[in-house]
Amino acid sequence: MTVITLESTLTCPECGFARIETMPTDACQWFYECEQCHAVLKPRPGDCCVYCSYGTVPCPPIQARGKSSCCDG
């Protein structure tokens with residue numbers, strides 16, 4: 001049984017502000033607004049969500065089933 005971590009620390013690439021967030025388990029999060037500088041983060045090319053791009057922990061579907069499992073509908 002795979003243990004899924006639901007919290008990830010997102011770090012803004014613009015200003016370096018970091019915040020612990022709870023990841024959704026039923027959808028990808030494609031946008032995230034930095035609380036400090038208000039930059040809108042989007043996933044880097046090849047990543048499915050902002051958690052996979054800027055977080056300390058990849059999103060729940062990636063944790064559970066691997067890189068090709070997220071947001072493939």
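The values are calculated or read from the model by the stated rules, or taken from the named source; none is laboratory data. Just so you know, these numbers come straight off a predicted model, no measurement behind them. For accessibility, only protein heavy atoms count, side chains too; no ligands or nucleic acids. Shrake-Rupley method; radii C 1.70, N 1.55, O 1.52, S 1.80 Å.
When the inverse distances between all different Cα atoms of the chain are averaged and flipped, the Kirkwood radius reads 12.4 angstrom.
With 0.36 nm allotted per residue and the present C-alpha distance subtracted, the residue 4-residue 27 stretch has 6.8 nm of extension available.
For the range 57-62, 3J(HN,Hα) computed residue by residue from phi via the Karplus equation (6.51, -1.76, 1.60; θ = phi - 60°) reads 9, x, 4, x, x, 5 Hz, glycine and proline entered as x.
The H on the amide N of residue 15, modeled in the peptide plane, is under 5 Å from the matching H of no residue at least 5 residues off or on a different chain.
When the solvent-accessible area of the chain is split by element, carbon and sulfur atoms take up 52 percent of it, the probe being 1.4 Å. Accessible area per residue for the chain, computed on protein heavy atoms with a 1.4 Å probe, is 64 Å².
For residue 32, the residues whose modelled amide H falls within less than 5 Å of its own, excluding neighbours fewer than 5 places apart on the same chain, are 41.
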